[in-house]
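Trainee: So that we are looking at the same thing, I have put the structure below in structure tokens.
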Amino acid sequence: MRIKLFDSELQVMDVIWKEGEIPAKRIAEVLKEQIGWNKNTSYTVIKKCVEKGAIERSEPHFICRARISKGEAQNFEVDELVNKLFDGSESLLFASLLGRTQIPEDVLGRLKTLVATEGDGR
């Protein structure tokens, strides 16, 4: 499922991804502790996520469950980034990331293994 989530919606989803099925009331408590949101703000964002299909709501007690995984959201965001800033080229994104910093040898080794594995179609 491909759903565009805004930063506020990702905040809500992150709580659900970490907690699993969770009452909306508890999401609001966590977000108040973490970022200072009031209950109304939390419920408004939760309802937007329900409308988009990212969250499934069940009763009683307004229980929330993620309908998309964190991996699906990450993949969507990466695709958006690649298309928006790198003309659809994952290679240009990767080159940009590599050019930003010195990569430690152990990380470079893992990246080489990952690239070799992906190149084999595994």
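The values are calculated or read from the model by the stated rules, or taken from the named source; none is laboratory data. Predicted model only: the values in this text are computed from it and were never measured. Cβ atoms come from the backbone with ideal geometry, glycine included; neighbour counts cover every protein chain shown. Heavy atoms of the whole protein, side chains included, go into the accessibility calculation; ligands, DNA and RNA do not. Shrake-Rupley method; radii C 1.70, N 1.55, O 1.52, S 1.80 Å.
Trainee: Which of the lysines could a cross-linker bridge to Lys39, judged by Cα under 19 Å and excluding same-chain residues fewer than eight apart?
Mentor: Partners found: Lys25, Lys47, Lys48.
Trainee: Further question on the same structure: For Thr44 and Val115 in the same chain, what is the full-extension length gain: residue separation times 0.36 nm, less their Cα-Cα distance, in nm?
Mentor: 21.4 nm
Trainee: Taking square-rooted eigenvalues a ≥ b ≥ c of the alpha carbon gyration tensor, is the chain rounded, prolate or oblate, where a/c under 1.5 means rounded and, failing that, a/b exceeding b/c means prolate?
Mentor: prolate
Trainee: Compute the accessible area per residue over the chain, keeping the other protein chains in place, probe 1.4 Å, unit Å².
Mentor: So the chain comes to 69 Å² accessible per residue, rounded to a whole number.
Trainee: I've got another one for you. Output the relative contact order of the chain, whole-number percent, from Cα pairs under 8 angstrom with separation of 6+ residues.
Mentor: Contact order relative to length: 24 percent.
Trainee: Continuing with this model, one more query. At q = 0.18, 0.22, 0.23, 0.27 Å⁻¹, what log₁₀ I(q)/I(0) does the range 1-54 have when each alpha carbon counts as one equal point scatterer in the Debye sum?
Mentor: At q = 0.18, 0.22, 0.23, 0.27 Å⁻¹ the computed log10 ratios are -0.51, -0.76, -0.84, -1.15.
Trainee: Follow-up. Counting helices only, and only those DSSP H runs with n ≥ 4, report the 222 nm mean residue ellipticity of the chain as the sum of -39,500 (n - 2.57) divided by its residues, in deg cm²/dmol to the nearest 500.
Mentor: -21000 deg cm²/dmol
Trainee: For the chain, which whole-number percentage of the solvent-accessible area (1.4 Å probe, protein heavy atoms only) is attributable to carbon and sulfur atoms?
Mentor: 51 percent
Trainee: Name the most mobile residue of Lys112, Lys70, Lys47, meaning the one with the largest mean-square fluctuation, in a Gaussian network model of the chain with Cα contacts below 10 Å.
Mentor: Among Lys112, Lys70, Lys47, the largest mean-square fluctuation in the Gaussian network model of the chain belongs to Lys112.
Trainee: Which lysines have a Cα lying under 18 Å from the Cα of Lys52, excluding residues fewer than 8 positions away in the same chain?
Mentor: The reachable lysines, counting only those whose Cα sits under 18 Å from Lys52, are Lys4, Lys70.
Trainee: Follow-up. Mind checking the dipole of the chain: about its Cα centre, +1 per Lys or Arg Cβ, -1 per Asp or Glu Cβ, Debye to the nearest 20?
Mentor: Dipole magnitude for the chain comes out near 440 debye.
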